[in-house]
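S.K.: A single structure is presented below for examination.
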Amino acid sequence: MLRAVLAVALASLATGCPLLDVEAEFEDLLVTYSALEVEAVPAGEAQHIERSFAVDDLMGFEKIAQAVDRGSVELVSADLRPASGIPLDFVQRATITVKSGDPDAGLPPLTYACDGDCTVDSGVLAIQSLTTQNVLAYLQTGSLLVELTIDGDLPTVAWTVDVDLRFRGKVAVTVDHTGQL
């Protein structure tokens, strides 16, 4: 067995072919920001909230993204899950804007929204992407800044929500005979 592996490696070196070419496809990678707190809105007050947060823990995916030499990753949806028992059926409009955590990256903000057609299924409000956009460069920066805006008949008690950013994609890494990615 070892002889076969060595023979393949030597043949790869001699021909200049890559030593290793790996592709991976994933359908449902979740990055979660837990327990985003939202203060109570007094009755009769504006029915609009804005919250911003940074997602610095990309669960190691940023390291994989940095090694990738080709591929595409799509942010499929931002799912809001109530963490404090307050159902989200009051939401009439929700917007998620995702930015790179690196201000020098020069990447434009990406916005996802539901407006009047927000539906809650099994307690989860999924804000779907309306376009296919490769977000690999955003993940390669190692941090995402997220802005959440919600309009509706907001609760008059404080509540919390978990935000799941749902990704899918296909990425590839090639390792040459020098061991370089």
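The values are calculated or read from the model by the stated rules, or taken from the named source; none is laboratory data. Note that the structure is predicted; figures quoted are calculated from it, not measured. Cβ sites come from the backbone with ideal geometry, for glycine too, and all protein chains shown count toward neighbours.
S.K.: Looking at segment 111-127, which of its residues are of a type in the set (A, V, I, L, M) and touching a Ser or Thr at 6+ places or on another chain (Cβ under 7 Å)?
M.R.: The first filter runs over segment 111-127 and keeps only residues of a type in the set (A, V, I, L, M), leaving 113, 120, 124-127.
The answer is A113, A126, I127.
S.K.: How about segment 27-64: which of its residues are of a type in the set (D, E) and out of contact with any Leu (no Cβ under 9 Å at 6 or more places or on another chain)? Talk me through it step by step, then tell me what you get.
M.R.: To start, the set of residues in segment 27-64 that are of a type in the set (D, E) comprises 27-28, 37, 39, 45, 50, 56-57, 62.
Once the filter is applied, which keeps residues that are of a type in the set (D, E) and out of contact with any Leu (no Cβ under 9 Å at 6 or more places or on another chain), segment 27-64 yields E27, D28, E37, E39, D57.
A quick yes/no check of all residues on (1) modelled with pLDDT of 95 or more; (2) closer than 18 Å to D56 by Cβ; (3) surrounded by fewer than 20 Cβ atoms within 10 Å (Cβ to Cβ); (4) touching a Phe, Trp or Tyr at 6+ places or on another chain (Cβ under 8 Å):
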| site | (1), (2), (3), (4) |
| --- | --- |
| G116 | no, no, yes, no |
| T119 | no, no, yes, no |
| Q128 | no, no, yes, yes |
| Q133 | no, no, yes, no |
| A137 | no, yes, yes, no |
| T149 | yes, no, yes, no |
| D153 | no, no, yes, yes |
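S.K.: Let me ask something else. If you take just the strands (runs of 3 or more DSSP E) that sit entirely in segment 67-140, which of them hold at least 1 residues that are under 20 Å from F26 (Cα atoms)? Lay out the reasoning, then the answer.
M.R.: Working: elements: 70-82, 91-100, 110-115, 124-128.
In segment 67-140, 70-82, 124-128 are the strands (runs of 3 or more DSSP E) which contain 1 or more residues that are under 20 Å from F26 (Cα atoms).
S.K.: Something else: Can you tell me which residue is nearest to L144 (Cα to Cα) among those in segment 82-95 that are touching a Leu at 6+ places or on another chain (Cβ under 8 Å) and of a type outside the set (A, V, I, L, M)?
M.R.: T95
S.K.: Sticking with this structure for a sec: Looking at this structure, is A78 modelled with pLDDT of 90 or more and either of a type in the set (S, T, Y) or surrounded by 14 or more Cβ atoms within 10 Å (Cβ to Cβ) (or both)? Write out each step before concluding.
M.R.: On the way: modelled with pLDDT of 90 or more: yes; either of a type in the set (S, T, Y) or surrounded by 14 or more Cβ atoms within 10 Å (Cβ to Cβ) (or both): yes.
Yes, satisfied.
S.K.: Testing F61 on (1) in contact with a helix residue (DSSP H, G or I) (Cβ under 7 Å, 6 or more places away or on another chain); (2) at pLDDT 90 or above; (3) of a type in the set (F, W, Y), one condition comes back false. Which one is that?
M.R.: Here F61 clears every test but (2).
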